[in-house]
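The values are calculated or read from the model by the stated rules, or taken from the named source; none is laboratory data. Remember, it's a predicted structure, so these values are computed and weren't measured experimentally. Counting neighbours? That spans all protein chains shown, and the Cβs are built from the backbone with ideal geometry, glycine included. Keep in mind that these areas ignore ligands, DNA and RNA; they rest on the heavy atoms of the full protein, side chains included. Shrake-Rupley method; radii C 1.70, N 1.55, O 1.52, S 1.80 Å.
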Amino acid sequence: MSAVTASHLTLGFGLPVSGGWATPGSVAAVARRAEELGYASLWSFQRVLVPADEDYGPQYRSVLDPVVALGFAAAVTERPRLGVATICTPYFPAAILAKQLATVDVLCRGRLDVGLGSGWAPHEFAAVGASLARRGAQTEEFVAALRALWADDPVEFHGEFTDVPPARMLPKPVQRPAPPILLGGTADVALRRVGRIADGWLSSSRQDLRAISAAIGTVHAAAAEAGRDPATLRIVTRGVVRLGEDVRDDAGRRGLTGSAEAVRDDLGRLHEAGVTEVFLDLNFVPRESRACRWWRRRAAGAP
């Protein structure tokens, strides 16, 4: 599987940021090898904590901080874009996250993609003192606040959740006027928000890829209604690949599972549906050892 398909679907790779393979050596090795193989992007994700009496799955039990992981990957790569899918905006003051992300963009020389989400885990909202009820409104304002803070000095922003008096904030991101901001979300209101204000959409690990065209249609329709060109939006999908494992449900085979040929065909169908980029994420493979074996095969040049 090449890093870019014949139809120019961009392929990226999820950094090993979850579980036992999330070590300094693994992050560096995977980042370097993915760059050598021609993958166009590397991705992290966020999970702050999990409840003691509830199992969210092995992929969430131990997760590196996403911004720190991208900074680490920036030091060992030169070409791939570095993205996070996603950071929960209600967990941060806008000025703090703007500073962290601008720093990563400086350190990676302008390769950062900023993925933001509204969050869904009640225990995390409680732990950081954020409001679960207002998360959608806060995410929308957060996008505007980031762009204001990254604009030319002096900066200023006044909103319901963020209030920045006239100030100077340096360094600015390398990418001007701002790094691309992609939004996650599956509800209709979240998809329409993407079309109105974001540079693209990030689908979740739970997205049924066989039905992704409907969500993309909602994003594109909202963009057109807002007077924006839908073709300029990036549609980025997390690809939970299970190579050699034919996973089925009542609707048939799940996307990106089975033989290498079946996975290639799925990638082509995703592109036809409007997806512009898929990043293959082994952090979400049920058995971590299988993910490690898959990566070792790819690193050795196996199909």
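The table below lists the values:
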{"item": "Under 5 Å, built H, 5+ apart or other chain: amide partners of THR86", "result": "GLN46"}
{"item": "Farthest positive-ward along region 12-117 dipole, Cα basis, beta-carbon charges - from SER44, ILE96, VAL106", "result": "VAL106"}
{"item": "Acute angle (nearest 10 degrees) that the helix 260-272 long axis makes with the longest principal axis of the chain, alpha-carbon atoms", "result": "40 degrees"}
{"item": "Residue-by-residue Karplus 3J(HN,Hα) for region 169-177, coefficients 6.51, -1.76, 1.60, Hz, glycine and proline x", "result": "9, 10, x, 7, x, 5, 6, 10, x"}
{"item": "Helix 188-197 axis, angle to the chain major axis (alpha carbon atoms, nearest 10°)", "result": "60 degrees"}
{"item": "Whole-number Å³ per residue for the convex hull built on Cα positions in region 91-249", "result": "153 Å³"}
{"item": "Efficiency of FRET between TRP120 and ARG168 - r from beta-carbon atoms, R0 30 angstrom, step 0.05", "result": "0.25"}
{"item": "Over the chain: Rg over Rh, Cα atoms, Kirkwood Rh", "result": "0.95"}
{"item": "Charge dipole (debye, nearest 20) of region 106-164; +1 at Cβ of Lys and Arg, -1 at Cβ of Asp and Glu", "result": "300 debye"}
{"item": "Per residue accessible area of the chain, 1.4 Å probe, in Å²", "result": "43 Å²"}
{"item": "Computed FRET value (nearest 0.05) for ASP188 with LYS99, which takes r as the C-beta separation and R₀ as 35 Å", "result": "0.60"}
{"item": "Rounded percent of accessible protein surface that carbon and sulfur make up, the chain, 1.4 Å probe", "result": "54 percent"}
{"item": "Unit charges on C-beta of K, R, D, E only; dipole of the chain, Debye", "result": "760 debye"}
{"item": "Degrees, to the nearest 10: 24-37 long Cα axis against longest axis of the chain", "result": "70 degrees"}
{"item": "Residues whose placed amide H lies under 5 Å from that of ARG234, excluding near-sequence neighbours", "result": "GLY200, TRP201"}
{"item": "Neighbour-limited loop hits for GluC sites (Glu not before Pro), region 156-239 (at most 11 other Cβ within 10 Å; DSSP other than H, G, I, E, B)", "result": "GLU160"}
{"item": "Modelled FRET efficiency - R0 30 Å, ALA214 with ASP152, Cβ distances, 0.05 increments", "result": "0.15"}
{"item": "Cut-off under 5 Å, modelled amide H: who pairs with VAL241 long-range", "result": "ASP281"}
